[in-house]
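Working notes, beginning with the structure itself.
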Amino acid sequence: MANVVELAVVPPPLRSDWTPPPASGKSISPLVSGRLLPAGPAYLAHVKRAVHKLSFEEYDKHAAEEQKRIDALHGNGAEIEDDLGVGDEEETEDLLSLDPKEWKKQDHYAVLGLSHLRYTATDEQIKIAHRKKVLKHHPDKKAGTVGDSNDDAFFKCIQKAMEVLTNPERRRQFDSVDPYYEELEQEIPTEKHIKSVKNIDEYFFKTFGPIFEREARFSKTQPVPMVGGIDDSKEAVESFYEFWYNFDSWRSFEYLDKEVNEGSDSRDDKRYTEKKNKSERARRKKEDTARLRSLVDLALSVDPRIKRIKQQEKAEREAKKKARSGQNGVDAKQKAEEEKKKAEEAAKQKEEAEKAARAEAKKAKAAAANAAKKARRAARAAADADGGDAAAA
């Protein structure tokens with residue numbers, strides 16, 4: 001709810017030497033008493049200063065900042081740093097001599113002075129650049145000027161560039177075949193050249209970082225994983241290459257379609273042209289997919305992180321193998337000792353059994369000898385007894 005502040009309006013006192021003017025003698029209207037209400041920008045400014053207890057300097061500073069904020073919000077004002085030089089790029093002779101009939105071959109971003117922004121240019125920046133170009137190259141401003149006979153043609157190029165870049169679908173088609181990036185696509189280094197570089201770690205990220213950043217603009221899935229750094233984990237590296245090997249691109253090539261001949265009403269001509277355009281789009285799409293796959297293959301083959309990860313995995317395998325070997329050695333030694341101990345116990349038991357068997361055999365032999373001795377004695381005694389009986393008879 002708004003607060004109402006009543007401010008007393010006190011007029012300044014009269015000067016000490018003031019005297020009322022002499023009566024003119026003319027008839028005047030009767031005096032009417034009325035109430036005056038303070039209003040207007042000056043009074044509102046006075047109220048704001050009084051309520052917020054601001055000085056004139058503080059109020060002026062606050063008002064300037066507020067106006068600047070409003071201008072920035074609505075894109076107004078010539079002094080705000082909103083366009084950052086948009087539309088002020090140098091215009092070469094080749095650019096000014098473009099033929100508007102060959103509008104498909106022209107660089108629309110360069111025509112509007114947006115070469116440094118290209119696909120990152122916002123709709124507001126495109127409008128600002130177009131407004132600047134129109135003010136500079138409108139035919140009415142150049143009428144009667146010597147040496148500007150082609151300015152009308154360039155103005156048509158400006159209008160065509162504005163028409164293409166303000167239509168989201170047509171702009172996407174143009175971005176798919178932007179001539180500036182098509183030249184950069186041909187400058188990919190070879191594997192042989194990369195492997196000959198001394199500092200491969202620094203060169204890889206410096207070279208492939210911008211390349212994948214440019215290609216990322218065609219991805220249907222956002223955000224897109226970038227190259228990263230030399231210390232990335234195995235999971236991050238595998239995720240990066242998995243994404244790019246399954247890259248889903250929206251890039252299309254309708255912008256390069258051949259137009260149907262003007263004035264031709266033949267449906268056969270239209271069908272033939274459409275069929276040929278479709279075939280060409282499919283061919284270009286296939287070639288672009290193969291190009292991107294080759295780029296990812298190249299990056300994978302020279303990525304210094306892959307070598308580092310393989311070395312780490314090899315070291316881990318060797319460590320595990322060594323640990324297992326050490327454990328197996330301990331187990332084998334322990335097993336050998338146990339077997340030796342068992343063999344010794346078995347040999348001892350065998351020796352004791354043999355000793356006991358020998359003792360038993362010795363006892364049995366002694367008993368047999370005693371029995372034989374007793375038998376011989378008994379036989380001799382019997383023989384002696386039979387001899388004595390015979391003699392007596």
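The values are calculated or read from the model by the stated rules, or taken from the named source; none is laboratory data. Keep in mind it's a predicted model, so treat the numbers as computed, not measured. Here Cβ is always computed from backbone atoms with ideal geometry, including for glycine, and neighbour counts include all displayed protein chains.
Some observations on this one:
- Being of a type outside the set (S, T, N, Q), under 30 Å from LEU165 (Cβ atoms) and out of contact with any helix residue (DSSP H, G or I) (no Cβ under 8 Å at 6 or more places or on another chain) is a property that GLU202 lacks.
- When segment 90-123 is filtered for residues that are in a loop (DSSP other than H, G, I, E, B) and in contact with a Pro (Cβ under 9 Å, 6 or more places away or on another chain), the ones remaining, listed by number, are GLN106, ASP107.
- Among (1) over 26 Å from GLU91 (Cβ atoms); (2) touching a Pro at 6+ places or on another chain (Cβ under 8 Å), the one test that LYS220 misses: (2)
This table checks each residue for (1) assigned to a helix (DSSP H, G or I); (2) at pLDDT below 80; (3) basic (Lys, Arg).
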{"site": "VAL47", "(1), (2), (3)": "yes, no, no"}
{"site": "ASP60", "(1), (2), (3)": "yes, no, no"}
{"site": "ALA72", "(1), (2), (3)": "yes, yes, no"}
{"site": "ASN76", "(1), (2), (3)": "no, yes, no"}
{"site": "GLU79", "(1), (2), (3)": "no, yes, no"}
{"site": "ASP88", "(1), (2), (3)": "no, no, no"}
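Per-residue answers, yes or no, for (1) within 26 Å of HIS116 (Cβ to Cβ); (2) of a type in the set (A, V, I, L, M); (3) free of Cβ contacts under 8 Å to residues at least 60 places away in the same chain:
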position: ILE211; (1), (2), (3): yes, yes, no
position: GLU215; (1), (2), (3): yes, no, no
position: SER219; (1), (2), (3): yes, no, yes
position: SER249; (1), (2), (3): yes, no, yes
position: GLU259; (1), (2), (3): no, no, yes
position: THR273; (1), (2), (3): no, no, yes
position: LYS276; (1), (2), (3): no, no, yes
position: ALA282; (1), (2), (3): no, yes, yes
position: ARG291; (1), (2), (3): yes, no, no
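Conditions (1) in the same structural domain as PHE204 (by TED's automatic domain parsing); (2) touching a strand residue (DSSP E or B) at 6+ places or on another chain (Cβ under 8 Å); (3) closer than 30 Å to ASN246 by Cα, marked per residue:
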residue: ASN277; (1), (2), (3): yes, no, yes
residue: GLU280; (1), (2), (3): yes, no, yes
residue: LYS307; (1), (2), (3): no, no, yes
residue: ARG324; (1), (2), (3): no, no, no
residue: LYS333; (1), (2), (3): no, no, no
residue: ALA336; (1), (2), (3): no, no, no
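- Criterion violated by LYS258 - all others in (1) among the charged types (D, E, K, R); (2) part of a helix (DSSP H, G or I); (3) under 36 Å from the mean Cα position of the chain (by Cα) satisfied: (2)
- Residue match in segment 311-325 (condition: among the hydrophobic types (A, V, I, L, M, F, W, C) and farther than 30 Å from VAL237 by Cα): no
- Subset of segment 216-255 [over 14 Å from the mean Cα position of the chain (by Cα), outside any loop (DSSP other than H, G, I, E, B), aromatic (Phe, Trp, Tyr) and surrounded by 13 or more Cβ atoms within 10 Å (Cβ to Cβ)]: TYR255
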